[in-house]
1. Of all the accessible heavy-atom surface of the chain, with the other protein chains kept in place and a 1.4 Å probe, what percent is carbon and sulfur?
2. Taking the Cα centre of the chain as origin and charging only Cβ (+1 Lys, Arg; -1 Asp, Glu), how large is the dipole, in debye to the nearest 20?
3. Nothing charged except the Cβ atoms of Lys and Arg (+1) and of Asp and Glu (-1): what's the magnitude of the dipole of segment 1-49 about its Cα centre? Round to the nearest 20 debye.
4. Tell me, what is the per residue accessible area of the chain in Å², probe radius 1.4 Å?
5. Could you give the alpha-carbon Rg of segment 22-108 over 2.2 N^0.38 Å, rounded to two decimals?
6. Where does each of 96-103, 58-65 land if you order them by average Cβ count within 10 Å, highest first?
7. Picking from ALA97, ALA61, SER85, whose Cα lies most toward the positive end of the charge dipole for segment 59-107 (charges on Cβ: Lys, Arg +1; Asp, Glu -1)?
8. For labels at ARG27 and ASN106 in the simple 7 Å Cα→Cβ model, what's the distance in nm?
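The values are calculated or read from the model by the stated rules, or taken from the named source; none is laboratory data. Since this is a predicted model, take the numbers as computed values, not measurements. Don't worry about glycine lacking a Cβ; one is built from the backbone with ideal geometry, like all the others, and counts go over all protein chains shown. Just so you know, the surface numbers come from the protein's heavy atoms only, side chains and all, with ligands and any DNA or RNA stripped out. Shrake-Rupley method; radii C 1.70, N 1.55, O 1.52, S 1.80 Å.
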Amino acid sequence: QVQLVESGGGLVQAGGSLRLTCATSGRTFSGYAVGWFRQAPGKEREFVAARNWSGGSTYYADSVKGRFTISRDNAKNTVDLQMNSLMPEDTAVYYCAARVPSGAYNNPRGYPYWGQGTQVTVSS
């Protein structure tokens, strides 16, 4: 059974940084893709970043390009999201998700496995 657990959220001032971690367990993720999504109050869940577990290309929403970096920690079996130059509009619950790569990487409906989310709040 696939399990995803996010951590690292919190309260930070605008311009600051946070590092989110998605801990994976329950199966071998080789051949899977892992994505980060976020959802602000009253808004739909939106794509943030994604990558294949085994490497290759990374994908970012235009709103986070140049500020966020998705990476894999081989030793810890995690997929991390480094967030720099945070802005108040980045405030949301952040979720990691996993899927077998198929279809659009930025479509949340294509991801069957989800973590419980971690809150990120950026103050102005």
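1. Reported share for carbon and sulfur atoms: 45 percent.
2. So the dipole magnitude of the chain works out to roughly 260 debye.
3. 40
4. That works out to 51 Å² per residue.
5. Expressed relative to 2.2 N^0.38 Å, the Cα Rg reads 1.06.
6. Put in order of decreasing packing, that is 96-103, 58-65.
7. ALA97
8. About 2.6 nm, to one decimal.
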